Amino acid sequence: MKYKAADWVFKDPRLKKMKQDYSAYTKEDFQVWKILFERQIVNLPGAASKAYLDGMKKINFSSDRIANFEEVNKILGETTGWGIQVVPGLIDDDLFFGLLRNRRFPSSTWLRKMEQLDYLEEPDMFHDSFAHMPLLTNQHYVDFLEDLGGIALKHIEDKWAVEMLSRIYWFTIEFGLIRENGELRIYGAGILSSAGESKFCLTDEPAHIDYDVRKIMRMPYWKDKFQDKYYVIESYEQLYHSIPEIERVLEEELANSSMGKGKEK
């Protein structure tokens, strides 16, 4: 599906010309990365999606070396044509979706401190790297991101449209599950970087719901505790091929809300 180009994003003054300064990482940074990596990687065999585990091998991350974006960009460029765009932290919606439309995944370069190992309000580069980047080697996954960015840019002035698309992103890219060989597996980055939620999400305690675009658009999410509902895709092909449905349902939901039918169900 074709969406309007967003080359303007690279000229926007809000998007500072930043690079990863690998030499600036401290001994504590390497210790934090090692602790987080080793603590979480042991939870993922038998829990994470095969595409994620395969991507981790392709992208060559290890506990002893903080992710090097120059190396990551070379690998991604040769596999899916994507790359990493360094950003200072959380960025505005138009910049975020504009980068996705341009096949660039935004990532910070700073790491949490030792006293922040268990809780962090804003995602750091461990989350961005360890949890997100391996799946950027999967073509259907990145094609979904690119086209979702295209849809968002079409509606970027409509806060309600952006909210509904953010819910799609949240319940797939951040907190999605996939069914592989009849078993639930994790592909959502928010789960993959969380020792606690990577175990909790696969138990019988939360609800596991088949991927449903309309239900997701009507479902607010929690940022400060484990989700009580996880949506399950059958394949990354299904995720990518849901793009036309996302666009259609979004238009219908926007029309319904403008007619006073309410935004929450």
How many residues are crowded, with 19+ Cβ neighbours inside 10 Å and within 25 Å of Glu252 (Cα to Cα) if we restrict to segment 186-212?
1
Is it the case that segment 121-138 has a residue that's modelled with pLDDT under 95, out of contact with any Cys (no Cβ under 8 Å at 6 or more places or on another chain) and over 18 Å from Arg104 (Cα atoms)?
yes
As an exercise: evaluate Gly77 against (1) touching a strand residue (DSSP E or B) at 6+ places or on another chain (Cβ under 7 Å); (2) small (Gly, Ala, Ser); (3) in contact (Cβ under 8 Å) with a residue 12 or more places away in the chain and give the number of the one condition it does not meet.
(3)
Result of the Cβ filter at 7 Å on segment 162-189, keeping first residues that are farther than 20 Å from Asp224 by Cβ and of a type in the set (D, E, K, R) and partners that are assigned to a helix (DSSP H, G or I) and at pLDDT 95 or above, at least 6 apart or interchain, is Glu180/Lys50
If the Cβ limit is 7 Å and pairs must be 6+ apart or interchain, which residue in segment 31-55 that is of a type in the set (D, E, K, R) pairs with which residue that is at pLDDT 95 or above?
Lys34/Ser63; Lys34/Asp64; Glu38/Ser63; Lys50/Glu180
Pairs, please: C-beta under 9 Å, at least 6 apart or cross-chain, first residue in contact (Cβ under 8 Å) with a residue 12 or more places away in the chain and in segment 208-221, second in a loop (DSSP other than H, G, I, E, B) and of a type in the set (A, V, I, L, M)?
His208/Leu202
Looking at the structure I just gave you, is Glu237 surrounded by fewer than 16 Cβ atoms within 10 Å (Cβ to Cβ) and closer than 20 Å to Gly190 by Cβ?
no
Tell me, which helices (runs of 4 or more DSSP H) lie completely within segment 24-106 with 1 or more residues that are closer than 22 Å to Trp170 by Cβ and either of a type in the set (A, V, I, L, M) or touching a helix residue (DSSP H, G or I) at 6+ places or on another chain (Cβ under 6 Å) (or both)?
27-41, 50-59, 93-101
Yes or no: segment 132-150 includes at least one residue that is more than 30 Å from Ser257 (Cβ to Cβ) and not in a helix (DSSP H, G or I).
yes
Checked segment 220-244 for anything more than 19 Å from Ile178 (Cα to Cα) and either modelled with pLDDT of 95 or more or in contact with a helix residue (DSSP H, G or I) (Cβ under 6 Å, 6 or more places away or on another chain) (or both); matches are Pro244
Could you give me the residue pairs with C-beta distances under 6 Å whose first residue belongs to segment 141-152 and is touching a residue at least 12 places away in the same chain (Cβ under 8 Å), whose second residue is of a type in the set (Ser, Thr, Tyr) and in a helix (DSSP H, G or I) wherever it lies, and which are 6+ apart or on separate chains?
Tyr141/Tyr236; Asp143/Tyr240; Phe144/Tyr240
Does Ser198 satisfy being over 25 Å from Asp118 (Cβ atoms), over 14 Å from the mean Cα position of the chain (by Cα) and polar (S, T, N, Q)?
no
Examine segment 46-62 for a residue that is within 19 Å of Glu122 (Cα to Cα) and at pLDDT 95 or above, and state whether such a residue exists.
no
Scanning segment 1-23 for residues that are part of a helix (DSSP H, G or I) and of a type in the set (Phe, Trp, Tyr), the one farthest from Val72 (Cα to Cα) turns out to be Trp8
Which residues, taken from segment 9-32, are at pLDDT 95 or above, surrounded by 10 or more Cβ atoms within 10 Å (Cβ to Cβ) and among the charged types (D, E, K, R)?
Glu28, Asp29
For strands (runs of 3 or more DSSP E) lying entirely in segment 156-213, having 3 or more residues that are modelled with pLDDT of 95 or more and in contact with a Ser or Thr (Cβ under 9 Å, 6 or more places away or on another chain) picks out 177-180
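The values are calculated or read from the model by the stated rules, or taken from the named source; none is laboratory data. Quick caveat: nothing in here was measured; it's all calculated off a predicted structure. A quick note on method: Cβ atoms are made from the backbone with ideal geometry, for glycine too, and the neighbour counts reach across all protein chains shown.
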